[in-house]
Amino acid sequence: MQRSIVLSGLRPTVLPVLMPGLVTAVVVAFAATFVSEHYGGPQFLYALLFGMAFNFLADEPRSKPGIDFAGRQVLRFGVALLGVRITLVQIAALGVTPVVLVLIGVASTILFGTWLSRLLRRPVTEGVLSGGAVAICGASAALAISAVLPRNEHSQRFTLLTVVGVTALSTLAMIVYPALVELLHFNPHLAGIFLGGTIHDVAQVVGAGYMISPEAGDTATFVKLLRVALLVPVVLILSLLFRGRHDSAKAPMFPTFLVGFVVLLILNSVGLVPKHAGDMLSALSRWCLVAAISAIGVKTSFRDLRELGWQPVLMMVTETLFLALLIGAGLLML
């Protein structure tokens, strides 16, 4: 049943099967969004926690197909739509220094996460996933990378813990890093590069940047979008490296959602995506990701997270500090 649903997409014949689980994920996403907009706090984190409250539906025969579909197919569609938020002009306008720093930061953090996972005797995939989430764009990167990594009984739980961890660390960084750049006497341009190059989630980057100044906010946003753009080559490389392992054996060489990401990025870069359409697609992307995280939350319990132990938390904290030190040192040497 599950395989036929994934292969058939959203044909009318499978919609009744998917509908109960999809509605569950969407309702949880609406609740998380409402609380976030009216009372503050990270939307993704609320979606995870609210979803976990409905864990009893994870194995319920009527809801399970739709929840699984939301946690994988809707997720990939949301990641593909992220391409509409970026243009090549924005990336080129940053200049050479931020691009080089971001490239070094992303590659080094993923490699550092891989080394750290070996040091802590954790699966290499956990180091890749946590390192990629910290290096690129937080929860969105964690979900995109998890889609091409081999899956086992623990991988879904680790993905959820990674999303929770990077969301919490990103919120903390949004509070601490603006004070840190003041201590380091960075001008608004350098402050924007630091914030955009180190904070995990886009929303927190924007919030931290505009706390300092409009220039810092603009620079931070563009640097962050450069990191988001690197999601494409990183996920492609990982899909090739892990191709043929476990249930990733039948994964396409170039995942479809990455094709969509690249196509939208190019169309947006050449001006073929009207602003209102881009805004709508960007909002749809956000909703898809929130619904996907809600579904992943439904599939996970607090007991499952506790069984992962303390090492994953240590990994994410250490990777976050590593990235901040690397980007900060690079800017101080300019």
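Give the residue that is modelled with the highest pLDDT, with candidates limited to residues of the stretch 205-221 that are touching a helix residue (DSSP H, G or I) at 6+ places or on another chain (Cβ under 6 Å), in a helix (DSSP H, G or I) and surrounded by fewer than 24 Cβ atoms within 10 Å (Cβ to Cβ).
Checking each candidate, the answer is ILE212.
When LYS299 is tested against the conditions (1) buried (at least 17 other Cβ atoms within 10 Å of the Cβ); (2) modelled with pLDDT of 85 or more, the lone failure is (2). When residues of the stretch 175-188 are filtered for being open to solvent by 30 Å² or more (accessible area, probe 1.4 Å), within 23 Å of ILE104 (Cβ to Cβ) and under 25 Å from the mean Cα position of the chain (by Cα), how many remain? So the answer is 2. Test ARG72 against the criterion of being touching a residue at least 24 places away in the same chain (Cβ under 8 Å), of a type in the set (Lys, Arg) and within 17 Å of VAL163 (Cα to Cα), and give yes or no. So ARG72 passes the test.
Is there a residue in the stretch 11-19 that is at pLDDT below 80, surrounded by 18 or more Cβ atoms within 10 Å (Cβ to Cβ) and more than 22 Å from the chain's Cα centre (by Cα)? Scanning the stretch 11-19, I find at least one residue that is at pLDDT below 80, surrounded by 18 or more Cβ atoms within 10 Å (Cβ to Cβ) and more than 22 Å from the chain's Cα centre (by Cα), so the answer is yes. Scanning the stretch 48-73 for residues that are under 14 Å from the mean Cα position of the chain (by Cα) and not basic (Lys, Arg), which turns out nearest to LEU281 (Cα to Cα)? Per the stated criteria, the residue is GLY71. Considering the conditions (1) out of contact with any Pro (no Cβ under 8 Å at 6 or more places or on another chain); (2) closer than 29 Å to VAL262 by Cβ; (3) β-branched (Val, Ile, Thr), ILE175 is excluded by exactly one of them, (2).
The values are calculated or read from the model by the stated rules, or taken from the named source; none is laboratory data. Everything numeric here is computed off the predicted structure, so don't read it as measured data. Using ideal geometry, Cβ is built from the backbone for each residue, glycine included, and neighbour counts are taken over all protein chains shown. Surface accessibility is based on the protein's heavy atoms, side chains included, excluding ligands, DNA and RNA. Shrake-Rupley method; radii C 1.70, N 1.55, O 1.52, S 1.80 Å.
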